[in-house]
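The values are calculated or read from the model by the stated rules, or taken from the named source; none is laboratory data. On a predicted model such as this, the values are computed, not experimentally measured, just so you know. Neighbour counts are summed over all protein chains in view; Cβ atoms, including those assigned to glycine, are modelled from backbone coordinates with ideal geometry. Heads up: the accessible areas ignore ligands, DNA and RNA and are worked out on the full protein's heavy atoms, side chains in. Shrake-Rupley method; radii C 1.70, N 1.55, O 1.52, S 1.80 Å.
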Amino acid sequence: MLRAKPLPPSLRHRKRYIAFRAESDRRLSRREVGAAITCSALALFGETGFAELHLRLLEFNEQEQRGFVVCSHTQVRRVIAAMSAVSEIAGERVHLLPLGVSGTVRALRRKFLSGERGFISSEEKVKLEGKDFILRGTTCGLCYAEPVDEALRERLRILKLRFVGVLDKELRGEEDAADAKHGL
Amino acid sequence: MFTDLHVHSLHSSGADTPAFLRKLAKSLGVELCLCDGVVHEGIASGMEVHADTRRELLSEVRKSWKRFDFLLVHGGSMEINRSAVRDSRVDALLHPYAGRKDCGVDTVVARYAAEQGVAIAVELEDIVTARGIERAKVLSHFREILRLSRKYGFSVLATSGARCRYALRSLREGVALLECCGFSEDEALRALQQVPEGILEKKRRARREVSRGVRFA
């Protein structure tokens, strides 16, 4: 089969790779994330604007919920805006947080996508300010708890969320005086 | 660092505890200020005033302005928009375009805002959550506010308007979103960093005053 001759380096598009992390109350698939980024960029910049971005989702690790997109080197800001404008996927609130920009995939992996991101699932019953919650998961000291209280569940439903964000210190009843004092 | 003056926690209409938001904001490089109408230890705390009439607004402002680090007014009706910017105790007017066809800032509001040092706020959450024609309207309102600010010289404040952890935005995202509304990089950085820092500094200075214009060195 006849294959297209590769363009000489001087004629190739200059690219930038943008690493990002998907944050949501459930695990997102690569297909959902790719569609959300494309739709957002199309909605924000229109078809002609989207064509200038040369935007494509190259990789998305569903376990770690991290991945990267490739785009034209002049359009990084607009791609970040498009990713930032993704507010929900399948009726649930999400945030595609840009981690960093690089000119090569190798540097991007080394700088922004190395290291594991652990998420510990749980079913523990906890109390916070006298209200009952079921702890669903913990990552880096940040806990996600499902409220039992119906009024709070209704508030979360309006905000398109499942869980309340709580610090593990709060659940253990520890008061970090230094943090409070210095506003950390 | 992006100083975000309009974030709600579990204490008002938000979904996360203040400590959780503080840790998350730190990881995003954001200085968090909560707008719950509650004074939080170690976090700059403010209040968002909702009022239907001028009298109600003035009464709320009188009650709250000394208690909190900053005072924001939820705009919308022209009566509230004008009353808010005429009062120098108010720090910023939030979404003056709410429920309106225009951006809610006319030449009168713009002049008063510039004279009294009241900032007009644009919320990133409004761009992020709106879809289709609604988003186009929001972007158009932001452009109009920016155009009037260039003409009359009032400050434009950018806030996330976050009610949950996924609505917090980093400085980089804030600049990128504001550039979609016609802000230059300098204008975006000013709206995200210098204007909110100025608001907090103004209150700190006012608290050091023994009486109007007299303060300890």
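Each row is one residue, and each column tells you yes or no for (1) free of Cβ contacts under 8 Å to residues at least 24 places away in the same chain; (2) among the aromatic types (F, W, Y); (3) open to solvent by 50 Å² or more (accessible area, probe 1.4 Å).
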{"position": "A:L42", "(1), (2), (3)": "yes, no, yes"}
{"position": "A:A51", "(1), (2), (3)": "yes, no, yes"}
{"position": "A:F60", "(1), (2), (3)": "no, yes, no"}
{"position": "A:Q65", "(1), (2), (3)": "no, no, no"}
{"position": "A:V76", "(1), (2), (3)": "no, no, no"}
{"position": "A:V79", "(1), (2), (3)": "no, no, no"}
{"position": "A:M83", "(1), (2), (3)": "no, no, no"}
{"position": "A:E88", "(1), (2), (3)": "no, no, yes"}
{"position": "A:E123", "(1), (2), (3)": "yes, no, yes"}
Next item on the list: Determine the pairs where a residue that is closer than 15 Å to B:P96 by Cα, located within the stretch B:140-153, has a partner that is open to solvent by 60 Å² or more (accessible area, probe 1.4 Å) and modelled with pLDDT under 95 with Cβ atoms under 9 Å apart, the partner being 6 or more residues away or on another chain.
Entry: B:H141/B:R100; B:H141/B:D102; B:E144/B:D102; B:L148/B:T107
Check: For the stretch A:153-176, how many residues are within 19 Å of A:E123 (Cβ to Cβ), open to solvent by 60 Å² or more (accessible area, probe 1.4 Å) and modelled with pLDDT under 80?
Finding: 1
Next item on the list: Give the residue that is surrounded by the most Cβ atoms within 10 Å (Cβ to Cβ), with candidates limited to residues of the stretch B:171-194 that are part of a helix (DSSP H, G or I) and among the polar types (S, T, N, Q).
Entry: B:Q193
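Kindly indicate whether A:A35 is surrounded by fewer than 21 Cβ atoms within 10 Å (Cβ to Cβ), in a loop (DSSP other than H, G, I, E, B) and not charged (D, E, K, R).
Values: surrounded by fewer than 21 Cβ atoms within 10 Å (Cβ to Cβ): yes; in a loop (DSSP other than H, G, I, E, B): no; not charged (D, E, K, R): yes.
No.
Of the residues A:L97, A:L108, A:L113, only one is open to solvent by less than 40 Å² (accessible area, probe 1.4 Å) and within 14 Å of chain B (Cβ to nearest Cβ); which? Spell out the reasoning first.
Values: A:L108 fails: within 14 Å of chain B (Cβ to nearest Cβ); A:L113 fails: within 14 Å of chain B (Cβ to nearest Cβ).
Criteria check complete, one pass: A:L97.
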Check: Going through the stretch B:140-167 one residue at a time, which ones are under 21 Å from A:A41 (Cα atoms) and surrounded by 19 or more Cβ atoms within 10 Å (Cβ to Cβ)?
Finding: B:H141, B:F142, B:S160, B:Y166, B:A167
Next item on the list: Search the stretch B:1-46 for residues being of a type in the set (S, T, N, Q) and surrounded by fewer than 20 Cβ atoms within 10 Å (Cβ to Cβ), and hand back the single one that is farthest from the other protein chains (Cβ to nearest Cβ).
Entry: B:S12
Margin query: Is it the case, given these coordinates, that B:I120 is more than 9 Å from chain A (Cβ to nearest Cβ), in a strand (DSSP E or B) and either at pLDDT below 90 or within 19 Å of B:G46 (Cα to Cα) (or both)?
Written below: yes
Check: Based on what the data block shows, is B:A114 touching a residue at least 40 places away in the same chain (Cβ under 8 Å) and not in a strand (DSSP E or B)?
Finding: yes
